[in-house]
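Q: Before I ask anything, here is the structure I am working with.
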Amino acid sequence: DQQVKQNSPSLSVQEGRISILNCDYTNSMFDYFLWYKKYPAEGPTFLISISSIKDKNEDGRFTVFLNKSAKHLSLHIVPSQPGDSAVYFCAASGVFNKFYFGSGTKLNVKP
Amino acid sequence: GAGVSQSPSNKVTEKGKDVELRCDPISGHTALYWYRQRLGQGLEFLIYFQGNSAPDKSGLPSDRFSAERTGESVSTLTIQRTQQEDSAVYLCASSLFRLRGGRRTEAFFGQGTRLTVV
């Protein structure tokens, strides 16, 4: 039973445009949400997080939005750059800080 | 070390052989995870260790897979009688339970072990 889902396995975006990656979760006890980025032949690296007390967190070109009522979060990258091409994983955790990961979305930013 | 360390980085083995993969978590991290990623697939949860609690083994795909962790340090993932479908990148991650004051923190991943069964 997958508690964190990324329904789009891939996304292609033109350089300079906005990339929007989506993630849904089922467990209402999750209160901390993260996005990771993974390049080939490397381990995933932490990108940005958001606590459930917020609905938005911004870090440079990256913004994460949280909609608790819809159990949905999204990652916006603007403007997208070719170096952003990678697999993006969302993750969620609850009070015990055990992480649940989505299956990933492969982003391709075309020059 | 400064980060999560996995060894070997690459492993090629013959079908039917046993393999052992090692993970050194970040010092002080009580939680440790094993995942695998098969070619073109997403992250697949395998097993979770948290302190001295019984591990969550719900993701292990068969009884050929087992994992151990010594206290809050090294973990080994063992695959017996390897099959070609075991070929994947095996990723280890570790995290703190919680930071002081209840602040949350992320999980940190190693570089992975690429296992190829021929």
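What follows draws every value from the coordinates through simple rules; no lab data is involved. From a predicted model like this one, the values you see are computed outputs, not experimental measurements. For neighbour counting, all protein chains shown are included, and Cβ atoms are generated from backbone atoms with ideal geometry for every residue, glycine included.
Q: If you take the Cα Rg of the protein assembly as shown and divide it by 2.2 N^0.38 Å, with N the number of residues, what do you get?
A: In units of the globular-protein estimate, the protein assembly as shown measures up at 1.01.
Q: Can you give the charge dipole size of region B:3-67 about its Cα centre, rounded to the nearest 20 debye, using +1 on the beta carbon of Lys and Arg and -1 on the beta carbon of Asp and Glu?
A: 180 debye
Q: Considering the options B:Pro55, A:Asn67, B:Tyr33, tell which one lies farthest towards the positive end of the dipole of the protein assembly as shown, charges being +1 on Lys and Arg and -1 on Asp and Glu at the Cβ, about the Cα centre.
A: Ranked along the dipole, the leading option is A:Asn67.
Q: Could I ask something else about it? Return the Cα extents of region B:12-98 along principal axes one, two and three, sorted largest first, each rounded to a whole Å.
A: Projected onto its principal axes, the Cα set of region B:12-98 covers 39, 25, 22 Å.
Q: If you don't mind, there's one more thing I want to ask. Report the residue, chosen from B:Asp86, B:Asp24, B:Asp63, that carries the largest GNM mean-square fluctuation when chain B is represented by alpha-carbon nodes joined by springs under 10 Å.
A: Checking each option, the largest mean-square fluctuation is seen for B:Asp63.
Q: Across the residues of A:96-105, average count of Cβ atoms on other protein chains within 10 Å?
A: 6
Q: While we're here: Going by how many other beta carbons lie within 10 Å of each one, how would you line up A:Tyr39, A:Tyr25, fewest first?
A: Going from sparsest to densest Cβ surroundings: A:Tyr39, A:Tyr25.
Q: How large is the dipole of the protein assembly as shown about the Cα centre if only Lys and Arg carry +1 and Asp and Glu carry -1, each at its Cβ, rounded to the nearest 20 debye?
A: The calculation lands at about 260 debye.
Q: Something else now. When DSSP beta bridges are limited to those with both residues in chain B, what percentage is antiparallel, rounded to the nearest 5?
A: The answer is about 90 percent antiparallel.
Q: Under the rule of at least 5 residues apart or a separate chain, name every residue whose amide H is placed under 5 Å from the amide H of B:Ser5.
A: Here B:Asp24 satisfy the definition.
Q: Within 10 Å of each Cβ in peptide B:28-40, how many partner chain Cβ atoms are there on average? Round it to a whole number, please.
A: Taking the mean over all residues of the peptide, I get 2.
Q: Per residue Cα convex hull volume for chain A, in cubic angstrom?
A: Cα convex hull per residue, to the nearest whole number: 98 Å³.
Q: Relative to the compact globular guide of 2.2 N^0.38 Å, what is the alpha carbon radius of gyration of region B:1-53, as a ratio?
A: Ratio of Cα Rg to 2.2 N^0.38 Å: 1.34.
Q: Only bridges with both residues in the protein assembly as shown count here: give the DSSP antiparallel percent, nearest 5.
A: Counting DSSP beta bridges with both partners in the protein assembly as shown, the antiparallel share is about 90 percent.
Q: For A:Lys54, give me every one of the aspartates and glutamates with a C-alpha distance below 19 angstrom, ignoring sequence neighbours fewer than eight places off in its own chain.
A: Partners found: A:Asp24, A:Asp31, B:Glu106.
Q: If the elastic network links every pair of Cα atoms under 10 Å, which of B:Ala88, B:Ala67, B:Ala107 fluctuates the most in the Gaussian network model of chain B?
A: Of B:Ala88, B:Ala67, B:Ala107, the most mobile in the Gaussian network model is B:Ala107.
Q: Filter A:Lys56/A:Lys106; A:Lys5/B:Lys57; B:Lys17/B:Lys57; B:Lys15/B:Lys57; A:Lys98/B:Lys17 down to the pairs with a C-alpha to C-alpha distance above 26 Å, please.
A: Over 26 Å Cα-Cα: A:Lys98/B:Lys17.
Q: Go ahead and set up a Gaussian network model of chain B, Cα springs under 10 Å, then flag whichever of B:Glu44, B:Glu85, B:Glu68 fluctuates most.
A: The residue that fluctuates most here is B:Glu85.
Q: By per-residue mean of other Cβ atoms within 10 Å, what is the highest-first order of A:91-104, A:69-82?
A: In descending order of packing, they fall as A:91-104, A:69-82.
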